[in-house]
Each structure stands twice: as structure tokens, then as C-alpha cells.
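Notes follow once the structure below has been shown.
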Amino acid sequence: MDLITIIFYFFAVLIVASAAVVVFSKNIMYSAFALLFTFFGVAAIYVLLNADFLALTQIMIYIGGILVLIIFGVMLTTRITGVDIKSGLMGKMQIGITGAALAILTITMGVMYSNVKWFTRDSEPLKDTISPIGRMLLTDYLLAFEAASVLLLIAIIGAAMIARRKKNIN
Amino acid sequence: MSETKRIEFEYSQIDSERMRLNVGPQHPSTHGVLRLEVELDGEIVTEVVPHIGYLHRCFEKHCEKMTYPQVIPYIDRMDYISAMNNEWPYVMGIEKLMGIEIPEKVEYIRLIFAELNRIANHQIAIATFGLDAGAFTPFLYLFRDREFILSIFEKASGGRLLYNYFWVGGLAADVHKEFKQDVLAIVKQVRETNKEIADLLLYNKIFIERVANVGILPADVAINYGCSGPVVRGSGLAFDLRKDAPYSFYDRFDFDVITGHGEVGTVGDCFDRNIVRFHEMEQSCRIIEQAIEQMPMEGDVREKLPKKIRPPKGEIYTKAENPKGELGFYIVSNGTDKPERIKSRGTSFVNLSVLPEISKGYLFADLIMILGSIDIVLGEVDR
Amino acid sequence: MKKYLNNIWLGIYTVLIGMKITFVHLFAKNVTVQYPNKHPLDKAGGDKMPMNARNRIFNDMELCNGCNGCARACPVNCITVETLKVVPGDAPPLKNGEKRGLWVTNYTIDFAKCCFCGLCIDPCPTEAIKMTTEFEYSQYDRGNLLYKFSKMTDEQIKQKKELLANFTAEKAKKEAEAKKAAEQAKAAEAPKPETGDGK
Amino acid sequence: MLAQEIYEKLKAEFGDAIIEFKQEPFFDPFVQVAPEKLFDISLYLRDTPELDFDYLSLLGGMDYKENLGVVYHLYSIKLKHSFILKVTVSKDNPVVPSVERIWRSADWHEREAYDMFGIRFEGHHNLIRILCPYDWEGFPLRKDYVQPDEYHGMKVPY
Amino acid sequence: MEHQILTFYDWVAKLSSSELVALILIVTLPLVFLIVYALVAILGELKISAFIQERLGPMRTGPWGIIQPVAEVVKLLQKEDITPDAANKPLFNMAPFLMFTAAYAGFAVIPFSSHFVPAGINLGLFYIFAMGSLAVIGLVMGGWASNNKYSLLGALRSVAQIVSYEIPAAIVILSIVVLASSMNLQVINANQGGWFWNWYVFGGPGSIWKLLVIPFTFGMFLLYLIASLAETNRTPFDIPEGESEIVAGYHTEYSGMKFAMFFFAEYANMFVVAALLSILFFGGWNSPFGDFMNGPIWGVFWFISKSFFFVFVQIWLRWTLPRLRVDQLMGVSWKVMTPVAFLCFFAVGLWAMLK
Amino acid sequence: MGIGLTHYLILSVILFGLGMFAIITRKNAIMVLMGLELVLNSANINFIAFAKYGGMNIEGHVAAIFVIILAAAEAAVALAIVLNIYQNYKHVNVDEIDRMKE
């Protein structure tokens, strides 16, 4: 077992365990904070996959942005001053059925993945990821990049529009 | 940037949870054991309910069991920041009841000490107000100067905080020989420090932003609530008992009544209340300088009085301009050596009652500043 | 726009002014003293304490005549005085030469209660009670703050009590005899009985 | 304006409601009024321009052994004169109309008078104890008050 | 990096002929430095505040009180570790360690000298920035799990504050990246070699025309200084823990070791931002005077003294200024700093294009 | 056994399954959102894994960046909508929200 393997398994277990907490925890605040470890583990997986820029983006946007938003959302939509926050579940029957179906799906996919002979070709290890990404964003993917930036702008404005406090009209 | 107006309530459809917050009785900036029950909508204060009485010491009940001179140490402990000023109206009242004439020297010493104590009180008021805003260093500079003033008091009376110095018919002890030079040196020091404080704290942009347009108290509301002292003068009303109903020798001196005039914001905001205190220190310095010039150094400081002080049957209400406002004592004498009833008009008690009125609709941080700008002492609120 | 820029400028400028002031103070002489090292009572260093500072009360038992004036003047009742009448001839005079009328068997000041108002000093006829500049009296036990000034031991008190009892008994006897004599002499008029105790 | 003149003015306006005017040596001159009319008199004192008592310095309860009383010290900031009103009520049913709506400073003072003397102020919006604990029993400043031995299991005289 | 230099790591590896030793050394050295630094900074805070206020500060522990920080740490370690009964215990216990991890993680890429950087990754600047955003979660976690209203208010305030101040800080950092055309902190440092006028606060290396860009770079320095104060929750931006309002904010309920962790994290953060200031604007480990006292060993000296100067500035500001209100804080960030930062960004970008 | 593509893919599918489970079974809208983030993350792992092992190289990274951007935009808008729902319904249970306008 080399170092990479140990690190991979460590983070894989971290991801799966914390994702399980996210999904199965009754306390929605626990879910939100467990998401932190999922995101962090995923960032570590990115580093293992030589995507350092993406790993840092993951930390910055997912943890510094989205997770904070989610925590705020949780706090604003529940009684925040108490520490026990429950989130409702569907009926037991439905949970069983969906759980079983998804478990079967996951296992099938897993088995399928491990049996499929993927066409793998190791790409040459990159010394610097940021400049190729930048170059690519501004050449091949320029349109998508611009569209994404417009989308972000619209999302900011739209979110502010939807969530802002309305004056009481009556 | 400074348009921090009173935020109008927009009772939005977001039923954002109202948070009830207990500020105090143990909180760094309630200036004692005051408990405020605050209802917050986010950070906006929607309701303030002061709960007082944590420091209640049954002052008025005690007075009924005490002889007249024994009451004075209890009075010291009302507004313990300006104990000299506290003693004065009480002593004046009994002297008026008994018809005692006070030697001129005593009156001058009392006046000088009262004004020095006014400076000391305002120093604490400004210092703690700065501390509420998070500025720690000016706090210590002002406390340093206050210690110099207290040293003078100590040389005269022996106490640094609670003096028991103004006695019926005179003073507890004579002042020391170098009294005049010492006082003048302190006046000089106070002026120097005040310059620094103005630059370091009062006219600092951040501080101005914190206090301007916050906690606006209109003059008519202030009068209706019975506010006095810098609180009402900050609202632009020149109500000063030293000018309006001159007692002692205040009519002999030339000084101005400082009023707030909305220097950086609206008239009657926290800045005005605070800056009134600041400029009053300068006026006190002027009074002290004039008094030092006129004061005789020779003479006795105590009238010959019977061993037991027995004012005739009667009632009197004496008031004086305390640093915090009008302090009055309603003394009812029944002819014995113990008072029938002493009712005190606690300045802070009255001033504090205005807090719920002026703090609604501001942010929680502003509530702390408003409380600081009223300058209360819980010893006087709870008595 | 002008206001906006002015605000920014004022913000930076006043902050710099404040920083200048604190920087100057950084090198200024500090005003605090190292308290136990530089003791205020120590004339050499620190702020000298004025001689009339009101701190621990000291009662000179050689001067005290047990008149109870200080206890009556005290607003918080922290002084306890118990006395015994002296037997004529037994009592040495006070330090200032006055006649001693009472033995002070117990003179206790509770400094946990004392409010240092100084009212007890004034009524003292012999200037026995004084306020000193001594101000340190931390104790682990509140009982230690009861300062007993009377030096009389229990034995002495007992002795004095006996003396007094004998004396009063003798006196009463004499009085009774006198009374008897008087009664015998004038059956109609009886002299008023004198009260024995006094403070 | 002197107290005498104010008294005459009040007497002309309210007649019998003004019970007594006392001006003696060692006494600040005061007017004793009937408690029923107190609110109207106070309103008149505040709103008449030549009286203009806009400032209530002090409101204090009193115990006159056989009955209770309330003393109002008024002051006019503009005209710089002061005046004293007194009412007395019986100890059995000490009810005084509240002047809180006229001078807001009466709010806490009245609560204090209620706290200490048990004088009930009719029309006060929140007449609860202010200095003593909310569940304290008895009214401490009455002359016949007996100190309780215990409060919630704590010895009172420590 | 183009120019291969023998690093401290290589040197140790060669000396001990073991990569592991070098690895362990390189991981523990910043921790050792952090501990020493924290002690020095705590003493500095105590002493500087004392001198500013004309006091003496701690004088009892050791000569001139220099053992005071050690004593304080020992005291904190001895203290009872109280967990409030109503708190959410797992999160309550986790928060301080998360905070400390986030603060310490920043040390991984700080170049102490031209030859010593724990991890000389290409995205150093970006990395420090990303780690800064990790601390936010620690704050919210601690504030929320304490089940104290003051803590919750403090946590919410601090999140709003840190998130808003990341924007001007990010723009300033991007401007520096534009100037240096690299995110590697070592490259940014190396670019500022030579005399002190080559520092980025003076527009970086360039001809006399760079006088035009100096106002903007200096403005960027001020902006980053202010933003860094806000990100480390120091006065005048200490509203998340403003003790006169919300007692102690998010760490009201903490005591003992966990409080020490928060405390440590704050000081570590202070150093990280001070180091970034000195790297981005003041040449990092470069000597200000050309080749005079330059080199890998002197580099450590220059870097640490520059960083300590900015730590001193933070302390100095703390004991000078009052604290802003929460809405003014946001106003300063969004209405003043963000537009000015954009202005500087455009100016610098234009300059970099023309250069 | 070294770590290969398959490991990453299996990790991603587990994450996907957990995310889907949350999306389907949870009532709370924010929980649904969190599930969605898990699913997006699993997709991202796939992208990066293929970028390394499938020879897609940097293009996989770019695709992942777009996913992250979309996730950010989606989170902002979705949370705004959730807040709005909370205003109207005083709860955020997705299966009880059956009217568009009140």
C-alpha cells in the first residue's frame, strides 16, 4: 500500500461517512455541517487527481459560498435559537422503497464500473493547471464562460429580488 | 454614509423570529447591574424593558432610622461617581431648614469640589461611552486624569471615592495649604487631555458614525420624561439649575450653558449628549479658575452647631445641578434628630426611564451606545 | 459624491490622527506604579498618601474613656463598646491626664462593616479614635476583620467585675444602712433609690 | 409666579377640589387637593400657558401615620417657577389617579410609590413593583411595615 | 518555477538522506514557529497596549513579565473545560479545532525565505484565500452550537463580515496576480527583488512611468490592510466579538483549551494576513536595500520583521480605534472598498497591459 | 493494488446514490438542496477522474468549473426561493407546497 492509496481510502471513507451523515441525520444542522467534510474530502480527491486549481475552487465556492448559504438558509427557515432542529422525512414505506431501489442502482453501477474495461489513457501530469485552464476558458469555451458569467449575474440579481424583504402593502 | 436614520419597521411577511435577549444584569456595558430585556428582530431593537432594583439598598428606609449626619455616607453611595455633588443638596436643605449661614470660604470650597467632581464624573461618562464603542485607550487616559482629581479629594477629605466631606454647617476638614496650586495644575492637565481625547475619540470618524443620528431625543420628549442634565441639554434645551435657579455662588461666575446643536447629526443624538459633557468640562474649568481667584484661604470651615442636629418641623425640597442632572432631596423633618422621610430624586433613575422610548428601531449596537450616552449609575437608579 | 469622498478622507485622516496620538503615548512615561514594590505609605516611592486619608481606624485604649460616642455616631453600627464602672481609687488616669470613669472591657470594630465615613472621629472627647493610613487588611476569614482594641484579658475583666460587684454591694449596703437610718429618722420621707448601672 | 397666585387661580378654577393651602415657615408652600380631581388639576397646571408646569421633578409617596399621601413637585422650565401638590388618601383604599399620561416621568415614580407604599395609581399602564423583587410582600416604606424573616428561604437581615 | 533553487527541504533530505525526516521537519517547523510567534504576539499585545495606555503591563512573571504568555497558556490549559449543558456537544467541541486548522493550514504556503517554504505550490495565493473561507464555518459552528443568543449573533455577524470583506480582498489579490502574472508566492517575492522601490506597494519593478500606478498600488495596500483587519476580526472590525455589545460573540461559552484554540487561531490568522501583506506589497524576504543583507538566511529575518511590523500595526490600530457598527461595516465594504478595489484593479490591469 | 479510475467512479456512484436518496426522501427543501450538491459533486468527481485517466486532460477541469459555477448560481436562487416559500407557508416542506401563489 503506497501513500496515495492510504490517502485515497482515508478521504473516500470520509466522503462516504460524512455524506451518510448528511443524508441520514435527523438534525438538519448536522447535515449542513457534515456537508463541510464531504466537500473537503471531495477537494482532497481532486488534489489526488492532479486538479489543484479545482480543489481550491471547490473549497472556496462550495465551503466558503454554498455551504454558508445553506447554513443561512437553515437558520432562516427554522427556529435558530434552539439547537435541536429536525427535518421531516417521508413515510417509512417510501423510504424503504427508494432506499432499496437506490441501493440496487448503486451496487449495480458499482459492479458494472468495476467490470467495464475502460479505455484509460494517462494524461501527462501537469505542472501548472491554472494557465491551461485560463487559456481554455478564454478560447475554446469563451461562449460558455460568458454565458456562465451572465448566469451568475442573473442569479445574484434574481436571488436578491426574490429574497428581499417586501414592504407590507396594507 | 452617515444616513443611518431610524430604521422604520417594515413588518415583512418574513416572520423572522423575534429574539428575546437578556442584557445584564451581568453584561460588560450595562454600567452596573441593570437588566434590559430586549426584543430583537434580527439586529433591530423592537422593545426594551429595563428591570432595575438589583442594587436596591433601601436608602430611604435607612434614612428614617439614621440621624441627619449619618445619612451623608449613605448619600455618597447613591451616585458614587460624583459623591461630592450628591452631598450638596442634602446638606443645603438641612442648612436651609435650620437657617445656618455658611462661611464664604466653605461655600467656595464646596463649589470648587463640586465642579471638580463634575469634571471627574464627565471623564468617566465619556470614557465609558468610548469603551462601549470599543475604544479602550481613551478610557485609560481619562481615568488617569480622574485619579489626579481624586488625589485632591483625598488630601482634603481622606476618601478617594466616598467622601462624607460636606457636613451640615461646614466641611469635615480644611483643605491643605497648596490647594489652589494643586487645583490649577489639575485644570491645566484636564484641558490638555481633553484636546487629545477630542482628536483620539470624539471627532474620530468611526466614533462619529457610531453616535451621530443615534438615539435621537427631542427636547419636548426629554422634558416630559423629566430628563435633566446633559441628557436634556443635548436635546438643545438650556436647562441648567446653576443658571435657572442659582444656588450657592453660581451667580457670581461667568460660564455658559452648553447645549447640543446637532454638530454632526440631528439635535439630541448620542453625539450631542456626549459632546455636551465634553464642553461642560471646559466650563467647569472656567468656574474653578474664577472661584480659586475669589476664594479666601483663611477662616474656619465649620460652624458651631449643637451636638445633635435637630431641624425644626418642616419640609423642604432642595435641588442642585448634579453632573448627571437635577438631584433633589425632599426632606421631611419632624423636629427630632432623625428625619421623618427623605425622598431622593435620583437623576439616573429619571433619565433611565427614557431609554425604552429612544432606543426602539435602532440596532442592538446602538442600544448600548444610547445607554452609555444617558450615563447612568446604578447606585442612584436603585438607591 | 463630494460627501462620499469627504467621508473617506475624514475616515482615513482621523484614524491617522488617532494613531499619531497613541504612537506618541507609546513612548510616554507610564503613570502606574508597581504597588507592593512601591508602597504608597513608603515616602520614597509612589504617590504619597495624605496623612488624613481615612483608612483603618485605630483606637488608643490609653485615651479611650468608653463614652460610646463613636458607636452612636456610626451609621452602620460597626463599633461595639462594653464598659465597666471603675471603683474609685482603682483607676489610673487616662494618658492625657483626665480622670478615668469606665473600664473599657470590649472595644471591637468590625471592618467588614465599616464604611470609612469618619463620623466616629468627631464626637470623641479625648481624641482617642483616629483614622490611619493603613489600608491593607485582606483576610481569609471574615472573623479576622473584627479588630479588638481592648487589651484587657478575661482575668482582668473578671477581677474588675468582682471589684465592682464588691463595691456596689458595699455601696448598696451603705445605702441600705443610710436608707434605714433615714427611714428611721424620717419615717414619712423615703429617699429615691439610685440606679447602679451606667454606660 | 408665586405659589399664592397659583393657589388662587386653582381655587377659582376647581373650587372645592382644592382643600388646603399652607404657607408656613420651614415649609415649602403647597396645595392639598382632592384625589378625585387630581388628573384635571394636573392637566390644567401643565397646559395653562401662564403656569406651564411641564416638568415633574419628583413624585413621592408619604406615610402620614393615619393615611398615605403623594407629593408632586412641579417645575416650569420656561417660567422657572415651582409648585407643590399634595394628595392624601386613606390607608384602606389608597387609590390616586395616575398622572403618567401628563408627565411621562411619573411612570417610574408612580411605580416606586406603589412599590414602597402600596398606593395604587389608577390608569397607570404597568403598575408593577420596580425596586423590590416582583414577588415581594408588603410595602417597605410604610411606618407599620414589619420586616419579613425570610425571602425564598434566605434570611433577610443577612 | 523556472529557476531551480536548492530548497531547505532538499538540503535536509540530502543531509539526513531521508525524505521522511525532511517531510516531518518541514511540517513541524511552521507549528514551532507558530507557537513561538503566538507567545511573542501575546506578550506584544499586552505590552504594546500597556505602553500606549501609559501602563506597565505584566511585570510579575519573569523579568519584565516576559513569561506572561507562557503563564497565560498554562492557566488556560489548567482551566476547567466547560461544555454548556444545552450546547450541541459534537459541534461545540469541533468548532475550535476547525478554526485552528483553517488558520494553521494557511502556514503551509508561506515563504519564509527564498529557500524555505513548506509547500511551494503554484496556487499559493489562492490557497491561502481558500483556507480563509474555511474559518467561516468554524465560526458559525461554534456560535450556533453554543446555544447562546450572543454567540449566535456574533457568528452571524462574523459570517456576513468575512464573506463581504473577501470580495475587496480578492480583487486586490487578483490585481497583484495581474502585476506578478503568477499565483506562486515565491515568484511574487522574487519579482520584487532589488531595492525597495521594486516592491509592489510602489508599483513593482518598472520604469519611471510607474509613478502613475503608485497611487493605485498604495490604495490596494490600504484596502488589503483594512480587509485583513476585518477578516481576522480585529478592531475596528471586531464586532463579532465586540465585548461591549455581545459579550464575546461566538466564543462566549468557550473556556480552557478550546478557548485557547480560538485565541491561537486569531493570532495565527493575524500572522497569515501580516505575512501576505509583506509578501504582496513589501517584497517578502527581499532586503529593502538591494544586495545589502540579502540571502536565504537574511531573508528569514526580513520576512519575519516585515510581518511583525504589520502585526504591530494591527495591535496598534486595535488600541486606537473604536469599533464600527454592523451595518456601517457592510457599508464600508460594499459602498467604499469594493468600488475602489475595482478601480485599482482596472488601473493595474491597464498598467500591466501597457508595460 | 493501485488506485485507478474505477475507484473514483465507485466513490462517485456512492455519493450519487446518497444524494439521490436525500433528494427523494427528504421533505425539507434545504435537505433536497444538499442532496443536489452531493449529486453535483459526484458528477464532478467523474469529470476530474476522466480528465486524469480518460485523456480528457484539462477539458474535464473546465467542465467541472462550469458545474461549480452552475451549482453556485443554483444554490443562490434555490435558497432565495426557499426563503420566499418560507414567507408564504411558514415551512419548507416540498410536498406540501402545492400553490404557486397565495
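Read the figures in this text as sums done on the coordinates, not as results from a lab. These figures come from a predicted structure and were not determined experimentally. Glycine gets a Cβ as well: all are built from the backbone with ideal geometry, and neighbour counts include every protein chain shown.
What the table below lists for this structure:
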quantity: Kyte-Doolittle mean at least 0.0 and Cα axial length at least 18 Å: DSSP H helices in chain E; calculated: E:19-52, E:89-105, E:124-145, E:149-180, E:214-231, E:256-281, E:296-318, E:338-354
quantity: Cα gyration tensor shape for region D:37-80, rounded if a/c is under 1.5, else prolate or oblate; calculated: oblate
quantity: Among E:218, D:95, E:264 - extreme Cα towards positive end, dipole of the protein assembly as shown, charges at beta-carbon; calculated: E:264
quantity: Within chain B, helix-based [θ] at 222 nm, where runs of 4 or more DSSP H residues each add -39,500 (n - 2.57), nearest 500; calculated: -14000 deg cm²/dmol
quantity: Loop-resident sites, region E:1-86, for GluC sites (Glu not before Pro), counting at most 14 other Cβ within 10 Å (DSSP); calculated: E:2, E:80
quantity: Cα-based Kirkwood hydrodynamic radius, the protein assembly as shown, one decimal, Å; calculated: 36.7 Å
quantity: Partner chain coverage, peptide B:189-199 - average Cβ within 10 angstrom; calculated: 1
quantity: Non-local Lys pairs in region D:3-155, i.e. 8 or more apart or on different chains, that have alpha carbons under 17 Å apart; calculated: 12
quantity: Within a Gaussian network of chain E (alpha carbon springs, distance under 10 Å), most fluctuating of E:50, E:180, E:95; calculated: E:50
quantity: Whole-Å distance, taken between Cα centres, linking region B:190-260 and region D:65-128; calculated: 29 Å
quantity: Relative contact order (percent, whole number), chain C, Cα cutoff 8 Å, 6+ residue spacing; calculated: 22 percent
quantity: DSSP beta bridges in the protein assembly as shown [antiparallel fraction, %, rounded to 5]; calculated: 90 percent
quantity: Sorted by Cβ density within 10 Å, fewest first, the residues F:61, C:25; calculated: C:25, F:61
quantity: Given charges at beta-carbon only (K, R positive; D, E negative), |dipole| of region B:20-100 in Debye; calculated: 400 debye
quantity: Shielding by other protein chains, E:182-190, mean Cβ within 10 Å; calculated: 1
quantity: Cross-link pairs B:188/B:343; B:304/B:338; C:95/C:161; B:188/B:304 - those with Cα-Cα distance over 30 Å; calculated: B:188/B:343; B:188/B:304
quantity: Residue pairs, from the table B:155/C:130; B:105/B:307; B:243/B:313; B:155/B:195, whose Cα atoms sit over 19 Å apart; calculated: B:105/B:307; B:243/B:313; B:155/B:195
quantity: Cα centre as origin, Lys/Arg/Asp/Glu Cβ charges: chain E dipole, Debye; calculated: 400 debye
quantity: Fewest-first ranking of C:74, D:132, B:270, using other Cβ atoms within 10 Å as the exposure measure; calculated: D:132, C:74, B:270
quantity: Listed peptides D:114-127, E:244-257, E:290-303 by packing density, highest first (mean Cβ within 10 Å); calculated: E:244-257, D:114-127, E:290-303
quantity: Centre separation in Å (Cα based) which lies between region B:89-126 and region C:57-73; calculated: 31 Å
quantity: Partner chain coverage, peptide E:46-59 - average Cβ within 10 angstrom; calculated: 5
quantity: Chain C: angle of helix C:154-185 to the longest principal axis, Cα-based, in degrees nearest 10; calculated: 40 degrees
quantity: Size of charge dipole - the protein assembly as shown - debye, nearest 20, with Cβ of Lys, Arg +1 and Asp, Glu -1, no other charges; calculated: 1480 debye
quantity: Angle in degrees between helix C:2-26 and the longest Cα principal axis of chain C, rounded to the nearest 10; calculated: 60 degrees
quantity: Of the DSSP H helices in chain B, those whose Cα atoms cover at least 20 Å axially and whose Kyte score averages 0.0 or more; calculated: B:104-132, B:137-157
quantity: Alpha carbon centroid spacing (whole Å) that separates region B:306-383 from region B:29-88; calculated: 9 Å
quantity: Anisotropy class of region A:1-117 from Cα gyration tensor, a/c 1.5 cut; calculated: oblate
